[in-house]
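Data first, discussion second: the structure below is written as structure tokens.
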Amino acid sequence: MAARASDEALSLTAAAAVERIAAGELSGAELFDLYRERAGNEDLGAFLWLSEAAADVPADAPLGGVPLAVKDVFCVEGVPSTAGSRILHGYRPPYTATAVERLAAAGAPMLGKTNMDEFAMGSSNENSAYGPVANPWDRERVPGGSSGGSAAAVAAGLAPWAIGTDTGGSVRQPASLCGIVGLKPTYGAVSRYGMIAFASSLDQCGPLTRDVTDAALLFRHMVGCDPCDSTSLDYPAEVPLPTAERLDGVRFGAPPELTGEGIEPGVLEVFNRVRTTIEELGGEVEDIALPHTAHGLAAYYVLAPAEASANLSRYDGVRYGMRAGDGDLLSLYEETRAEGFGDEVKRRIMLGTYALSSGYYEAYYGRAQRVRTKIAEDFRAAFERVDLVLTPTSPSVAFRLGERTSDPLSMYLSDYCAVPMSLAGIPAISIPGGLSDGLPVGIQLAGPAFSEPRILDAAHALERAVGFTGEPWRA
Amino acid sequence: MPEPVADRPYEPVIGLEIHVQLATRTKMFCGCALSFGEEPNTRTCPVCLGHPGVLPTVNAQAVHFALMIGLALGCEIAPRSLFHRKNYFYPDLPKGYQISQYDVPLARNGALGDVRIHRVHLEEDAAKLVHAGASGRIHGAAGSVVDFNRGGTPLVEIVTEPDLRSAAEASEWLRLLRATLRRMGVSDVNMEEGSLRCDANVSIRPAGEATLGTKAELKNMNSFRFLQRGIDAEIARQEQVVRGGGTVTQETLHFDPVTGDISSLRSKEEAHDYRYFPEPDLVPLAPTEAMLSRADDALPELPAARAERLERDLELAPETARLLAFRGELGDFFEAAVAAANGGGDGAVAGPRALASWVTVELVPRLGDTEPTESPVTPEALAKLAGMVSAKAVSQSAAKQVLDVMAIDGGDPEALIVERGLGMAAADELGAIVDGAIEQNAAAVEQIRSGNEKAIGAIVGAVMRETKGRADGGEVQRMIRQRLTVDG
């Protein structure tokens, strides 16, 4: 393929590529090879492993063979799946995650596995045992996390689209920092089977894409009840592709708790501009109180580590992955876990173990659960008055590599606006709202459970009006 | 506990915790078939090996069996019970936590016999560790290997209230529970193979006190004999401690069935903090009306009720009724024989008491380990044989000879009697034999005539020997008396 033709193919959104493939003007295999070559030469640190060749895609597959970048948290049979951790170095699962399997069956073959914060714990991708990822907008800056590799790959045109996981912002925050679209679905909409667990009651798999239509298209083929995941549910109807261009009559609520103090001025500026854009499109924006969301982060950092402390107990050196120690059982456990886990993972295991300890359970875990219930009630009350909640996705733009690594709390604050939706189990999308000092700012739209079609429609209208054209890789 | 008084009797207080492996087709949270001694690690999958990313799904058949157990034990079934994670590290626990039920179990507040049931819950079994080396335990082992075949087998844990007062009572009650579970077909309930495991919480207190003493938990006694011995040994140990002025400490104990020694596994201070919290990978277990009625419909007549019925309606002795009720297959065989006897048409039939005796006293010892239902003797054949005895067509002792043959080769009792010439001796033949015996036992005749009635036994014995048991003892006695009276 000539250079210009390949350039053109790479510039297509995934949905556009699917159309071209369906029309016989492009083949999935060609597209795969183009991306495979780009990904093979990347130097952002986005990929941890690449497929040699595209898997066979059925001719009539709805996703046409458009390749997919897969966060390394997904198990894929026979393919290294480390969740960014040294403790799973060399581990090749004997089975494939449902989400990956469904997307492959729909015609999105896996391009490769993307870098991530270890066990999805982090907001900068700096907690990966396999090195950091550079933000394609500014290589001195982080791509966000934990799905940093997936976000950077899509933003840098190394992949047409990607999947990641979001426990407390891990799809939305990197999407925001990389200037792409990231959707965290309703809890239960997408099977968690085969997703290496961080915090089971919060983890959800979601798309990271160049635009809202791609997110809808990918999401359409991810959803559905899975007999292997008891917490998964049937999606009420087929996910439609968004078409809205106006926001007439759509009511947005902007919670002062998540749109004021602690948000960078540059981020607030973009946010307020988007607010105006919404009104120009016929939508209404009003302030709406979500009083308990201010405690979201505190509750999250009890609940998620508590679940993680149990979820990560299986990494004991007995059956798979890394093994250390002198042969004595206690030394096997201690050495394997001391060498295999990074600092942040150890910190959270300690936090979670403490929070669940006898005598402390009520004060920490029990109380955090009650806060979680209150936050869910806040949202329920808000959605009686408004259709969607509007916030910045993250309080800041992409920060410098190393800037927050020695201060976990400032790192945690990066997910301040994203965590409440995770606790409530509701869907939320991040779309680019503009630039601040040349760096992307994400805007978050959240709705009630299973309102993804409504969110996607509003995001689509907003996306067109904002006209964000950030393609750092083509500059 | 009040001051010990040297001679004051102590009363043991015992509660049991029983783990029952359910006889489901597959494991508790995955699709692996249950294992029956297959090659190690051949009944495993990513889920029961605790691979990254796997999720548990609840086995519907296990829930059905657990509901049956809850109902059979007269429990309240929780409308929404929860699974929890019980966290601890051990190589036989692949996830680093066991999925179990904690503060909201599937069923609670029931009773079996006069022992109250505290709770019934569902959980998964651990894998099996094999330790190389002399001790057979993990400490000091040269190496250990894990067989994950058993890991994830569905377990029901049944916890009683501390209502038992002796080792014998505990053992007897456990037999009732085992018979009940076996009757329901929910488990193999084999203690030696570990499908039924029992721990005992033992404490003592001065007789008559209402408050409970400090308990010790005695682990994993794998037979009724060991259960009884273990509890007895622990009661004796605690009495010795208390009478010596000491206090019992709360600890977990291991009973060594070979030496009879009790050793401490861990004390309260060393007790694990299991950090229970609700299992986020599973939704609450909320049985529907349909599930409950299906479980209820699946309950057979249970041993306690059956023993009562056999005693009441068939007038069996209490011990016999219990034996037949607690060994369900034996009871089934017996009831089939009763049905065959009643449907046998004309002629004298054996009554239930006689049939029960034929089954329990005569047939069972002849079969060894074989269950009557799997033996060559059919209930119909046994009923026919017993009926012929009642009709005096065959003597009791000849009938036993026939049963010897049937227990090995089966066959029709009537044909066997004819074939082997074991029918009752005819009147003229018997008369001649009786005459002969009187002639040959002059001394006995003399004694009888001088008032020693018991001496008749020698003559009867002679007749029986001569007829090879083909005579009715009572009839022979009658004939001897008649002759001696006539002669005298």
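What follows is calculated from the coordinates using simple rules that are stated; it is not laboratory data. All figures in this text were calculated on a predicted structure; none of them were measured in a lab. Glycine gets a Cβ as well: all are built from the backbone with ideal geometry, and neighbour counts include every protein chain shown.
What residues have an amide H closer than 5 Å to that of B:Tyr10, excluding those fewer than 5 places away on the same chain, when H is modeled at 1.01 Å from N in the peptide plane?
Distant-sequence amide H within range of B:Tyr10: B:Ala207.
If you count, for every residue in B:87-98, the Cβ atoms of partner chains within 10 Å of its Cβ, what is the mean?
5
Which value, in nm² and rounded to one decimal, describes the direction-averaged projected area of the C-alpha convex hull of the stretch A:293-376?
Reported value for the Cα convex hull: 6.3 nm².
I'd like the distance separating the alpha-carbon centroids of the stretch B:233-254 and the stretch B:58-117, in whole Å.
Here the two parts' Cα centres lie 31 Å apart.
What is the stretch B:39-174 by shape, rounded, prolate or oblate, if you read a ≥ b ≥ c off the alpha carbon gyration tensor as root eigenvalues and call it rounded for a/c under 1.5, prolate for a/b larger than b/c, and oblate otherwise?
Here the stretch B:39-174 falls in the oblate category.
Could you tell me the relative contact order of chain A? Use alpha-carbon pairs under 8 Å, at least six residues apart, and round to a whole percent.
In percent, rounded to a whole number, it is 17.
What does the charge dipole of the stretch B:303-419 about its Cα centre add up to, to the nearest 20 debye, if the Cβ of each Lys and Arg holds +1 and the Cβ of each Asp and Glu holds -1?
My answer is approximately 380 debye.
Could you tell me the distance between the Cα centroids of the stretch A:289-363 and the stretch A:154-216, to the nearest Å?
23
Which residues' amide hydrogens lie under 5 Å from the amide hydrogen of A:Asn127, considering only partners 5 or more residues apart or on another chain, with H built in the peptide plane?
Correct list: A:Glu118.
Of B:Lys27/B:Lys86; B:Lys27/B:Lys95; A:Lys184/A:Lys374; A:Lys113/B:Lys86; B:Lys86/B:Lys219, which ones are farther than 24 Å apart at the Cα?
Exceeds cut-off: A:Lys113/B:Lys86.
Could you tally the net charge around A:Ala29, taking each other residue with its Cβ under 14 Å from the Cβ of A:Ala29, Lys/Arg +1 and Asp/Glu -1?
Computed value for this residue: -4.
Using mean Cβ contacts within 10 Å as the protection proxy, how do A:283-292, A:340-349, A:214-223 order, highest first?
In descending order of packing, they fall as A:214-223, A:340-349, A:283-292.
Which whole number of Å³ per residue matches the convex hull of the alpha-carbon atoms in chain A?
134
Give, as a single signed number, the net charge of other residues whose beta carbon lies under 13 Å from the beta carbon of A:Thr353, with Lys and Arg counted +1 and Asp and Glu -1.
+4
Taking chain B as the reference, fit the longest principal axis to its C-alpha atoms, fit the long axis of helix B:473-487 to the helix C-alpha atoms, and give the angle between the two in degrees, 0 to 90, nearest 10.
20
Put +1 on the Cβ of every Lys and Arg and -1 on every Asp and Glu Cβ in the stretch A:293-376; which of A:Gly352, A:Leu297, A:Thr373 then has its Cα farthest towards the positive end of the dipole?
Among A:Gly352, A:Leu297, A:Thr373, the one farthest towards the positive end of the dipole of the stretch A:293-376 is A:Thr373.
Does the protein assembly as shown classify as rounded, prolate or oblate by the C-alpha gyration tensor (a ≥ b ≥ c root eigenvalues; a/c under 1.5 gives rounded; else a/b over b/c gives prolate, otherwise oblate)?
The shape class here is prolate.
Ordered by residue, what ³J(HN,Hα) values in Hz, to whole numbers, does the stretch A:103-109 give under the Karplus form 6.51 cos²θ - 1.76 cosθ + 1.60, where θ = phi - 60° and Gly and Pro are x?
Along the stretch A:103-109, the couplings run 5, 5, 5, 7, x, 10, x Hz.
Grab the eigenvalues of the alpha-carbon gyration tensor for chain B, scale each by 5, take roots, and send me the semi-axes largest first in whole angstrom.
56, 29, 21
Which order do B:Ser195, B:Ser144 fall in if you start with the one that has the fewest other Cβ atoms within 10 Å?
Fewest-to-most ranking of B:Ser195, B:Ser144: B:Ser144, B:Ser195.
Hey, what angle do you get for helix B:396-409 against the long axis of chain B, alpha-carbon based, 0 to 90 degrees rounded to 10?
Here the helix axis deviates by roughly 50 degrees.
Against the empirical 2.2 N^0.38 Å scaling, what ratio does the C-alpha Rg of the stretch B:349-488 come to?
1.21
Over chain B, what is the relative contact order in whole percent, taking alpha-carbon pairs under 8 Å and six or more residues apart?
14
Give a residue-ordered list of calculated ³J(HN,Hα) values for the stretch A:297-302 (Karplus: 6.51 cos²θ - 1.76 cosθ + 1.60, θ = phi - 60°; whole Hz; x for Gly, Pro).
Listing the rounded values in order: 4, 5, 5, 4, 7, 9 Hz.
DSSP loop trypsin sites (Lys or Arg not before Pro) in the stretch B:444-488 with at most 16 other Cβ atoms within 10 Å of their Cβ, which ones?
B:Lys468
Ranked highest first by the average count of other Cβ atoms within 10 Å around their residues, in what order do A:143-156, B:78-91, A:112-125 fall?
In decreasing order of mean packing, A:143-156, B:78-91, A:112-125 become A:143-156, A:112-125, B:78-91.
Using amide H atoms built in the peptide plane, which far-off residues or other-chain residues are under 5 Å from A:Ala428 H to H?
Amide H neighbours of A:Ala428: A:Lys184.
Looking only at other chains, what is the average number of their beta-carbon atoms within 10 angstrom of each beta-carbon in A:301-313?
The per-residue average across the peptide is 4.
For the stretch B:396-463, what Kirkwood radius comes out of the mean inverse Cα-Cα distance, in Å?
Here the Kirkwood hydrodynamic radius works out to 14.0 Å.
Using θ = phi - 60° and the Karplus relation 6.51 cos²θ - 1.76 cosθ + 1.60, list the HN-Hα couplings for the stretch A:178-192 in order, rounded to whole Hz, with x at every Gly or Pro.
Going residue by residue, I get 9, x, 10, 9, x, 10, 9, x, 3, 4, x, 6, 10, 4, 8 Hz, with x marking Gly and Pro.
Give me Rg/Rg_expected for the stretch B:427-487, where Rg uses Cα atoms only and Rg_expected = 2.2 N^0.38 Å with N residues.
So the stretch B:427-487 has a normalised radius of gyration of 0.99.
How far is helix B:224-243 tilted off the main Cα axis of chain B, in degrees rounded to 10, range 0 to 90?
Between helix and principal axis, roughly 60 degrees.
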